[in-house]
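Reading through the structure tokens given below for one structure.
The values are calculated or read from the model by the stated rules, or taken from the named source; none is laboratory data. Just so it is clear, the model here is predicted, and its values are computed rather than measured. Virtual Cβ from ideal backbone geometry, glycine too; neighbours counted across all protein chains shown.
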């Protein structure tokens with residue numbers, strides 16, 4: 001009799017996603033693959049504890065299985081160089097930076113994370129927000145955050161747009177819509 005019981009392997013085909021990960025539906029988890037394989041078909045072989053990923057019968061990655069739903073298991077060596085600089089990033093670091101600058105900026109960064117299903121998806125946006133603080137200054141960044149919060153818009157691009165158009169010095173409630181008088185426009189009294 002063998003010393004260990006037979007281990008059943010599951011075989012599946014997958015295409016490496018643009019984020020250089022493959023998805024295992026059983027775990028609802030993403031596992032990294034060397035970025036050179038983006039868009040290529042690979043074979044997944046896994047049991048209860050181990051996942052192996054093969055391309056043309058050559059093993060290109062191996063991971064311990066994770067049961068963290070919607071999580072990512074990523075090896076730094078699988079990342080393209082332009083993603084490796086993000087390796088030290090985490091939610092706490094971005095929130096700590098924001099708190100050290102201003103309470104409004106902290107509130108805004110919290111909402112940037114809250115708007116994304118996975119915190120990792122907000123890292124690049126938060127890094128851009130930090131950069132805007134360096135380029136435009138913290139006071140202007142705070143003004144842009146106030147304006148964006150008023151419109152419930154959260155992300156790097158909206159702040160960049162506000163700052164480029166110099167809209168950060170006006171609050172949303174200060175602006176009045178200049179609607180011309182017209183016979184088809186009805187006031188509030190029309191509906192009561």
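Listed values, structure above:
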quantity	calculated
Flag if residue 127 is surrounded by fewer than 17 Cβ atoms within 10 Å (Cβ to Cβ), at pLDDT below 95 and under 27 Å from residue 28 (Cα atoms)	no
Matching option when the condition is surrounded by 15 or more Cβ atoms within 10 Å (Cβ to Cβ) and in contact with a strand residue (DSSP E or B) (Cβ under 8 Å, 6 or more places away or on another chain), among 143, 71, 133	71
Residue match in region 45-57 (condition: touching a residue at least 40 places away in the same chain (Cβ under 8 Å), in the same structural domain as residue 21 (by TED's automatic domain parsing) and touching a strand residue (DSSP E or B) at 6+ places or on another chain (Cβ under 8 Å))	yes
Residues (part of a loop (DSSP other than H, G, I, E, B) and either at pLDDT 90 or above or over 18 Å from residue 78 (Cβ atoms) (or both)) located in region 18-35	25, 26, 28, 33, 34
Flag if residue 138 is in contact with a helix residue (DSSP H, G or I) (Cβ under 6 Å, 6 or more places away or on another chain), more than 13 Å from residue 109 (Cα to Cα) and either modelled with pLDDT of 95 or more or in the same structural domain as residue 100 (by TED's automatic domain parsing) (or both)	yes
Filter result (in contact with a strand residue (DSSP E or B) (Cβ under 7 Å, 6 or more places away or on another chain) and touching a residue at least 40 places away in the same chain (Cβ under 8 Å)) within region 1-23	20, 21
Among (1) buried (at least 18 other Cβ atoms within 10 Å of the Cβ); (2) within 30 Å of residue 142 (Cβ to Cβ) - the single one residue 110 does not satisfy	(1)
Sole exception among (1) closer than 22 Å to residue 68 by Cβ; (2) exposed (fewer than 12 other Cβ atoms within 10 Å of the Cβ) for residue 31, by number	(2)
